[in-house]
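Step one of this worksheet: look at the structure below.
The values are calculated or read from the model by the stated rules, or taken from the named source; none is laboratory data. What you see is a predicted model, and the numbers here were worked out from it, not measured in a lab. Cβ: placed from backbone, ideal geometry, glycine included. Neighbour counts: every protein chain shown. Note: areas computed on protein heavy atoms with side chains; ligands, DNA, RNA excluded. Shrake-Rupley method; radii C 1.70, N 1.55, O 1.52, S 1.80 Å.
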Amino acid sequence: MVTPTNDPDFDVIVVGAGPAGATAAHRLASGGLSVVLIERAEVPGAKNLSGGVLYASVLEELFPGFADEAPIERRITRHVTTFLTADSAVSLDYSSHTLGHPVNGVTVLRARFDPWLVGKAEEAGALLMPGIRVDSLLTQAGPDGRRQVAGVRAGDEELRAPVVVAADGVNSFLARDAGLRRTPAPHHLAVGVKAVIRLDPGRIEDRFGVRPGEGAAHAIVGDCTQGIGGGGFLYTNQGSVSLGVVLRLDALQASGRSTSDVFEHCVRHPGLEPYLRDGEIIEYGAHLVAEGGYGMLGEIAGDGLVVAGEAAGLTINNGFTVRGMDLAVGSGIAAADGVAEAIGNGDVSAAGLAGYRRRLEESFVLKDLRTYARAPKWLERDRLYGAYGELSADVLRRVFSVGTSPHRPLRALARAALSDSRVRVRDLVSDGWSGVRAL
Ligand SMILES: Cc1cc2nc3c(=O)[nH]c(=O)nc-3n(C[C@H](O)[C@H](O)[C@H](O)COP(=O)(O)OP(=O)(O)OC[C@H]3O[C@@H](n4cnc5c(N)ncnc54)[C@H](O)[C@@H]3O)c2cc1C
């Protein structure tokens, strides 16, 4: 058993004021614990980058009516998944106003959204310390001689608390410092590059075929990343669009290309240019993204420490949706409840904090991560980023090309396109079967 540290400054120190940390701080403070939320940026969200579709049911449960209050951009009512080649686009386009009510996916800009969520934590009584970068964990010998986390160190300052919540994002130096996480393998990491492009709201609605207040989320595969494993996204905000590419690190390295070159190619792509015409880039940034899914999850509790959100590797990319923010919020809730229980029981050892893992297993977070556990491996298949887009475009080109010679039935056109393509039937069967199992 590891008992709470003597003479603490706070009951809990939360490091990182992203969705995971802000939610954990809100919940802990709402439960009457004294909480400090430390954030390296001067203003929460200032350094945070996200594509921007937040699946919001979990926030709606926490803050009923949240979408009417929070600074969201648009409710997503249209999802488009596109295979892009150099000169064609094949899309699956789903739109329904029912997706917006009750709230489902909404676009957010983190510089506006994070301060709102942090404000909720402050209203509940958490103390925000912005502009402070935590350098390391503070440890002390527990009663049984084992080292236990007892706080954090930032510059010359030390802050003590029986439990630290590491919600410091994908790089999580704190989780590594505690030995809970190893440096992720390159195929478990991607680099995301994103620009926010200003566009008139009316133009957005015309170009993307959405009503005022509603928006579209485009997931793009293929030539927008020049065939590099990963994908592009194009999301509508209120008066801007977010365009980005997420490139698997191993595939990017193998390609020899730079992220900025790939991004430039994407911005100028003829399949995307009509959406972006006359837009003005007002923000640009790059950030790592965890891509390993369930396979990346390691230990999430140590003596006096829990790890939440992307610091624990909690993201899902299944090719249709990229999720991290909702999982961060869900893990923030589970972490807070696990920590409160451990403090209540007077045992903040890894065993005492095991309630966090149990709650996470029972929540949508780990259930969804398990559902898509096979997706990262499946998405490593190179054919998804080139050959299949070309094949489907070729089939459709043949279908829609009408000449004076007799038109052949679809099955014959598809067979001809397949025999002309780089795809072999056995690849198609193997990828298709694995895809069905992965998704
Ligand atoms: C290009 C891109 C596109 C994405 N698209 C989507 C999407 O559409 N939908 C989605 O749900 N997710 C998306 N994600 C993933 C999503 O952004 C993350 O999963 C999510 O932000 C994780 O939340 P978090 O609270 O765990 O960490 P973060 O949001 O990364 O927050 C961590 C916080 O900790 C702070 N911090 C870090 N180190 C320290 C330190 N030492 N001391 C003090 N503070 C520190 C940081 O400044 C930051 O505020 C995308 C990510 C990228 C990069």
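Here are a few things to note about the model shown:
- Packing-based ranking, highest mean first, of 371-380, 74-83, 301-310 given that Cβ atoms within 10 Å are counted: 301-310, 74-83, 371-380
- Debye-sum result for the range 155-288 in log10 I(q)/I(0), which assumes one identical scatterer on each alpha carbon, at q = 0.19 Å⁻¹: -1.02
- Helix axis angle, 19-30 relative to the chain longest principal axis, alpha carbon, degrees: 40
- The local environment of Gly344, defined by Cβ-Cβ distances under 13 Å, has a net charge of -4 under the rule Lys, Arg +1 and Asp, Glu -1.
- Ordering Ala41, Leu288, Ile228 by the projection of their Cα atoms onto the charge dipole of the chain, which places +1 on the Cβ of Lys and Arg and -1 on the Cβ of Asp and Glu, puts Ile228 at the extreme positive end.
- By the rule of a C-alpha distance below 18 Å, with chain neighbours fewer than 8 residues away ignored, the lysines paired with Lys194 are Lys47.
- Area projected by the alpha carbon convex hull of the range 238-319, averaged over all directions, nm²: 8.2
- Helical content alone sets the calculated 222 nm signal of the chain at -10000 deg cm²/dmol, taking -39,500 (n - 2.57) per DSSP H segment of four or more residues and averaging over every residue.
- For the range 279-338, the pair-distance distribution built from all alpha carbon pairs, in bins 5 Å wide starting at 0, is 4, 16, 23, 20, 15, 10, 6, 3, 2, 1, 0 percent.
- The chain: angle of helix 387-400 to the longest principal axis, Cα-based, in degrees nearest 10: 40
- Basic side chains Lys and Arg get +1 at the Cβ, acidic Asp and Glu get -1 at the Cβ, and with that the dipole of the chain about its Cα centre reaches some 1860 debye.
- Pairwise FRET efficiency - Arg112 versus Asp278, Cβ, R0 = 22 Å, nearest 0.05: 0.40
- The range 386-438, dipole about Cα centre (Lys/Arg Cβ +1, Asp/Glu Cβ -1), debye to the nearest 20: 180
- Residues in the range 82-103 reached by a label modelled at Leu439 [backbone nitrogen below 19 Å; 7 Å Cα→Cβ]: 82-85, 89-96
- For peptides 149-156, 352-359, 217-224, sequence by mean Cβ density within 10 Å, most packed first: 217-224, 352-359, 149-156
- Based on the reciprocal of the average 1/r between different C-alpha atoms, the Kirkwood radius for the chain equals 22.9 Å.
- Sorting the segments 290-298, 184-192, 414-422, 25-33 by their mean number of nearby beta carbons within 10 angstrom, highest to lowest, gives 25-33, 290-298, 184-192, 414-422.
- Within the accessible area of the chain (1.4 Å probe), percent carbon and sulfur: 51
- Extreme residue, positive dipole direction of the chain, given options Val103, Ala161, Gly151 (C-beta unit charges): Val103
- Per-residue SASA remark: Glu361, around 60 Å² accessible (1.4 Å probe; ligands, DNA and RNA not included).
- Signed unit charges on C-beta, dipole axis of the range 386-438, positive-most listed residue Val429, Pro406, Gly389: Pro406
- Dipole check for the range 187-290: with +1 at the C-beta of Lys and Arg, -1 at the C-beta of Asp and Glu, and the Cα centre as origin, the magnitude is about 140 Debye.
- The alpha-carbon of Lys367 sits under 15 angstrom from the alpha-carbons of these aspartates and glutamates, leaving out residues fewer than 8 places away in its chain: Asp326.
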